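**Student:** A single structure is presented below for examination.
No lab work stands behind these numbers, since they all come straight from the coordinates. All of these numbers come straight from a predicted model, not from anything done at the bench. Please note: Cβ atoms are built from the backbone with ideal geometry, for glycine as well, and neighbour counts cover all protein chains shown.
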Amino acid sequence: MQKPQGRPINLTTERFLVRSVTPADASERWCDWSGDPEIMGPLNVAARRMTKDQLARYIAGFDNDRGYLIGVFTKAMSQHIGFFMVETNKLHATANFNLVIGDKHYWGKGVVNEVRAALLDEFFDRRGIEKAFGTPLARNFPAVFNYKAQGWRLEGVMHGQCKSIVDGSRLDQYHFGLQRDEWRVRKGKTS
Amino acid sequence: MSVSTTARALLAEALAMDAHALPADARIGALEQWDSLAHARILLALEERIGKPLDAAEAIAIESLEDIAKVLARRG
C-alpha cells in the first residue's frame, strides 16, 4: 500500500531551485555520485554505485512528511547538483539535516548554506519544526565549517560514535543544533 | 621561524593569498577566501605540520589565525 504523501518542498533561492524529488529524477548522474568515494567517503558511506531503478525505489521511500529528499538544481540550466535528506520527528518537532553536493564544481561555492537557509525558513516557519540538528563526522571539515558559518551551535562531541567503513576505527561526530528562535534572531541580525 | 609566522604562512598558502596581505585578525567570516574547502585545506595542512591528526576538540576550535598559532605553539 502506498504511503500517504505530504506536501512537497518547492523553493527558490538566489541561485537554485530546491524541490522534493520524485522517482523520475533518478539519473545516471545521480547514480554516479553514489559510487564515488570522494563524495560518499566524508559521510562514511560505502561508495557503491546504485542503478537507476534502485535509486528510483530509494526516492519513492520519502513521503514529504516524515522524510524528505530534496534536490538542488541550478536556476540557469536546471542541472541537478545535490540533495538534502531531512528526517522529521513530529512528536519532538525536530528535523535532522543531511546533505550531499554531488557536483564537485559546486564544492566551496556556498551552495550548502544558501540552500539550507531556505530550508530552515521552510521547516521552521511552515512545517512546525522547532529545532534542527545535524551530526557531521568530525573529519568532514567542509561540513563542519558550514554549520559554524551558518550559526549552528555545537552541542557536543560524540566520541567514537561510529565505525569507519574504511578501516574499522572509531570516528568522532559533532552534534550541531539550531532552534527556531535562534535562527530568527540570527536572521534578523544578518538581514 | 616563529609560531605566528608559521601560522601566517600556513594560512596564506591554504587561502592562496600573500602572507603579507593577511590581516592579523584573519578569521572565518571575515575573509571571503576562507570557505569550506579552504577550511579543509587549513586543517589538513596543520595536521601535516604537527605530524598527527587534530582531535575533535582542537579541530572545532580553529576559527582564526590566532587559533592556528595556538595549536602550533602547543603541538608544533
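**Student:** What share of all Cα pairs of the range B:3-75, in percent, falls into each consecutive 10 Å distance bin?
**Tutor:** 21, 62, 17, 0
**Student:** Between beta-carbons, use under 13 Å as the cut-off and find the net charge around A:Gly102, counting Lys and Arg +1, Asp and Glu -1.
**Tutor:** Combined, the nearby Lys, Arg, Asp and Glu give -3.
**Student:** Please turn the phi angles of the range A:23-39 into ³J(HN,Hα) values with the Karplus equation 6.51 cos²θ - 1.76 cosθ + 1.60 (θ = phi - 60°), one per residue in order, whole Hz, x for glycine and proline.
**Tutor:** Running phi through 6.51 cos²θ - 1.76 cosθ + 1.60 with θ = phi - 60° gives x, 5, 7, 4, 9, 4, 4, 5, 4, 4, 4, 5, x, 9, x, 5, 8 Hz.
**Student:** Given only helices, namely DSSP H runs of n ≥ 4 each adding -39500 (n - 2.57), what is the per-residue ellipticity at 222 nm of the protein assembly as shown, to the nearest 500 deg cm²/dmol?
**Tutor:** -11000 deg cm²/dmol
**Student:** Rg(Cα) of the range A:1-107 divided by 2.2 N^0.38 Å?
**Tutor:** Here the answer is 1.07, to two decimals.
**Student:** Could you tally the net charge around B:Lys52, taking each other residue with its Cβ under 11 Å from the Cβ of B:Lys52, Lys/Arg +1 and Asp/Glu -1?
**Tutor:** Net charge around B:Lys52: -2.
**Student:** Report the paramagnetic label zone for B:Ala16: residues of the range B:37-52 whose backbone N is under 17 Å from a point 7 Å from Cα along the Cα-to-Cβ axis.
**Tutor:** The answer is B:37-43, B:45, whose backbone nitrogens lie closer than 17 Å to the label point.
**Student:** If you don't mind, another one. Going out from 0 in 5 Å bins, what whole percent of all Cα-Cα distances in the protein assembly as shown drops into each bin?
**Tutor:** Using 5 Å bins, I get a P(r) of 1, 5, 12, 15, 17, 17, 14, 9, 5, 3, 1, 0, 0, 0 for the protein assembly as shown.
**Student:** Under 25 Å from the Cα of A:Lys189, which lysines turn up, not counting those fewer than eight places away in the same chain?
**Tutor:** List returned: A:Lys109, A:Lys131, A:Lys148.
**Student:** Would you mind counting up the charge near A:Thr12? Only other residues with Cβ under 10 Å from its Cβ, with Lys and Arg at +1 and Asp and Glu at -1.
**Tutor:** Cβ neighbours under 10 Å give a net charge of +2.
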